[in-house]
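Shown next, in structure tokens, is the structure this report addresses.
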Amino acid sequence: MELKPNISVLDIGSGAGFPLMELAARLGNSCICYGLDPWIHANQRAQQKIINYQLTNVKLIAASAEKIPLADSSIDLIVSNLGINNFEQPDLVFTECHRVLKSNGRIVLTTNISGHWKEFYNLFEQVLIEKNLHSIIPELRLHIAHRGNLDSISSLFTNNGFSVIRHFEESFEMHFLNGSAFLNHYFIKLGWLDSWRQLIPEPERITFFTALELLLNEYSELQHGLKLTVPMLYVEGIKKE
């Protein structure tokens with residue numbers, strides 16, 4: 001991603017401050033960087049980082065990306081790291097991005113895509129089969145597929161006034177000692193566990209997740225740890241007039 005002087009940057013879904021703080025530090029004081037996120041607690045953490053890092057070119061905005069409180073044609077660059085999967089109305093968000101971007105402004109997204117944690121979801125489906133919960137498999141696959149792929153994410157750009165000018169895919173692995181460590185990790189409890197629990201009828205939940213944890217631990221023992229694949233997609237677009 002090209003860095004230029006005297007630009008205004010908007011980080012959508014800035015959370016606790018990544019990549020917002022790093023961009024602000026690398027761009028310097030000729031640039032202004034806005035962090036947009038409705039999550040108050042995350043904004044409070046980000047504000048403390050602004051103080052700790054002594055950044056003077058960062059402003060936080062507690063608002064939704066579906067209605068960005070910035071003027072038309074006021075932003076040069078929009079970034080969003082792992083935000084697209086949390087947009088309830090992604091087309092509306094892209095419309096707002098198009099509105100606030102200047103002519104030839106750019107939008108850069110990074111997101112995890114279909115295939116995310118495939119090792120975990122394969123075992124999840126295996127337990128569904130073992131517990132005779134076959135009817136839930138289509139729901140599980142919909143849950144997995146909502147992350148999209150290059151084609152579906154590129155269409156969000158092209159359908160909302162952007163041309164895709166660059167994209168690439170990479171992947172990395174997240175490592176956990178075993179399934180118990182994974183299921184009890186704070187990040188998993190915060191962002192994932194409830195959605196998995198909602199897939200399983202309440203009378204079967206305890207039995208199901210006990211079996212899932214056991215299978216994850218057995219798998220981890222055989223594989224010398226729980227290694228989960230995370231495919232990532234970078235897409236960069238430019239505003240069409």
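Things worth noting here:
- Complete set of residues in segment 187-222 that are among the hydroxyl-bearing types (Ser, Thr, Tyr) and in contact (Cβ under 8 Å) with a residue 60 or more places away in the chain: 207, 219
- Residue within segment 193-210 that is at positive phi and exposed (fewer than 15 other Cβ atoms within 10 Å of the Cβ) present: no
- Strands (runs of 3 or more DSSP E) within segment 46-137 that include 2 or more residues of a type in the set (Gly, Ala, Ser): 101-112
- Checked against (1) closer than 23 Å to residue 139 by Cβ; (2) of a type outside the set (S, T, N, Q); (3) within 25 Å of the chain's Cα centre (by Cα); (4) modelled with pLDDT of 95 or more, residue 190 meets all criteria but (4).
- Of all residues in segment 213-222, none are loosely packed, with under 15 Cβ neighbours inside 10 Å, in contact with a helix residue (DSSP H, G or I) (Cβ under 7 Å, 6 or more places away or on another chain), at pLDDT 95 or above and not aliphatic (A, V, I, L, M).
- Any hit, segment 143-159, residues being touching a Lys or Arg at 6+ places or on another chain (Cβ under 6 Å) and either part of a strand (DSSP E or B) or crowded, with 18+ Cβ neighbours inside 10 Å (or both): no
- Contact map, segment 1-25: first residue in contact (Cβ under 8 Å) with a residue 12 or more places away in the chain and surrounded by fewer than 14 Cβ atoms within 10 Å (Cβ to Cβ), second residue of a type outside the set (Ser, Thr, Tyr) and part of a helix (DSSP H, G or I), Cβ cut-off under 8 Å, separation 6 or more or different chains; pairs are 3/26; 3/27; 5/27.
The values are calculated or read from the model by the stated rules, or taken from the named source; none is laboratory data. Here the structure is a predicted model, which is why all the values come from computation and not from measurement. Cβ atoms come from the backbone with ideal geometry, glycine included; neighbour counts cover every protein chain shown.
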